[in-house]
1. So how many residues does region 139-161 have that are surrounded by fewer than 22 Cβ atoms within 10 Å (Cβ to Cβ), farther than 16 Å from Val191 by Cβ and not basic (Lys, Arg)?
2. Looking only at region 262-288, count how many residues are small (Gly, Ala, Ser) and buried (at least 19 other Cβ atoms within 10 Å of the Cβ).
3. Among the candidates Val30, Val15, Val72, Val76, single out the residue that is assigned to a loop (DSSP other than H, G, I, E, B), buried (at least 19 other Cβ atoms within 10 Å of the Cβ) and among the β-branched types (Val, Ile, Thr).
4. I'm trying to understand the selection: among the residues of region 109-126, which are under 18 Å from Leu9 (Cβ atoms) and not basic (Lys, Arg)?
5. Let me spell it out: the conditions are (1) within 23 Å of Arg90 (Cα to Cα); (2) of a type in the set (Ser, Thr, Tyr); (3) not in a loop (DSSP other than H, G, I, E, B), and Thr226 meets all of them except one. Which number is the exception?
6. Would you be able to say whether some residue in region 96-108 is in a loop (DSSP other than H, G, I, E, B) and under 22 Å from Ser146 (Cβ atoms)?
7. Identify, from the list Leu96, Leu170, the residue that is among the hydrophobic types (A, V, I, L, M, F, W, C) and without any contact (Cβ under 8 Å) to a residue 12 or more places away in the chain.
8. Quick one: which of Val71, Val54, Val61, Val49 is over 25 Å from Leu128 (Cβ atoms) and free of Cβ contacts under 8 Å to residues at least 12 places away in the same chain?
Amino acid sequence: MTPLKIVILGGTGFVGRHLVARLAADGHAVTLLSRNLACHDNRMLSPGVVLREVDVYDPTVLRQAFTGADVVINLVGILNERGDNGRGFRRAHVELTKLVIAAMQLAGVRRLLQMSSLNAGRGQSHYLKSRGEAEAAVKASGLDFSIFEPSVIFGHGDGLFCRFAALLKLAPVMPLARATARFAPVYVNDVVEAFIRALHNRKTFGETYELYGPDVYTLADIVRMTAEARGLKRLVLPLPDPLGRLQAFVFDFVPGKPFSSDNFRSLLTDSVGGIDGLHRLGITPTRVSAKLPDILGHVDDRQTRYDRYRAKR
């Protein structure tokens with residue numbers, strides 16, 4: 001494949017770290033845009049990857065950053081915002097996407113790979129509504145776009161199994177809102193492979209790909225699987241929706257927002273797919289059972305390294 005000049009926004013997040021490593025290994029020239037270099041460890045970047053500190057909300061700076069690029073990849077996404085009015089989601093998902101589109105048009109860059117979410121534009125949450133608005137902007141842009149809509153993503157260092165593993169280590173009982181909410185977890189490397197296969201494939205222009213795994217689990221199933229894989233005996237206590245809403249409201253005021261009212265609203269819509277995007281791209285999905293022991297077997301080691309890194313800063 002011909003090496004490409006690729007500019008990525010949101011490339012230091014969970015999916016971004018995996019995707020950047022793969023793109024660099026494939027010989028592409030990758031530039032990551034970040035608003036704050038102090039938040040990132042350059043030692044963790046793959047060789048040849050350039051990290052630039054820019055204000056991604058500055059149209060002029062964004063256009064300059066895109067000039068000469070072959071592809072722009074927008075991975076920016078947040079799961080929570082300050083308050084609960086949707087403004088934070090709109091800024092991160094909608095306003096930034098529109099700025100990216102305008103900057104690409106001015107810089108003469110045609111190819112956009114856009115990260116979104118399964119159920120974008122559906123349901124009651126600000127998160128899903130803003131994802132849908134961003135998709136609408138991309139589809140109306142006239143660019144050569146491909147949109148990716150993953151279900152919840154799992155892998156080393158994820159915010160799903162690894163997150164619950166940390167919580168279960170501390171709590172003998174897990175009160176769980178929306179315990180019956182359903183997910184079809186997709187492996188992070190399968191998501192990365194979807195982006196890679198779309199890069200040079202003109203057939204993916206103008207297409208939207210739902211990315212989900214072959215197995216459907218409830219949220220309670222996921223927590224119990226995590227506990228079992230870690231050798232922990234834990235009680236999962238499903239909460240009725242009124243109590244679940246109350247739990248979410250209380251967590252709205254907890255630093256870091258481990259759970260929120262908007263998360264609760266998102267859980268009202270099952271994160272399961274309808275048209276298999278992995279199959280459309282010729283990718284065989286990875287089962288959770290094939291990776292979970294390895295993922296959770298490294299949780300403590302990764303947390304220890306992270307704690308040491310933070311202590312040095």
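1. Qualifying residue count, region 139-161: 5.
2. Residues meeting the conditions: 4.
3. Val76
4. If the condition is that a residue be under 18 Å from Leu9 (Cβ atoms) and not basic (Lys, Arg), then Val109, Leu112, Leu113, Gln114, Met115, Ser116, Ser117, Ala120 are the ones that fit.
5. That leaves (1) as the condition not met.
6. yes
7. Leu170
8. Residue meeting the stated conditions: Val61.
Laboratory data are not the source of any read-out in this text; all were calculated from the coordinates shown. Computed from a prediction, not measured in an experiment: that's the story for all the values here. Here Cβ is always computed from backbone atoms with ideal geometry, including for glycine, and neighbour counts include all displayed protein chains.
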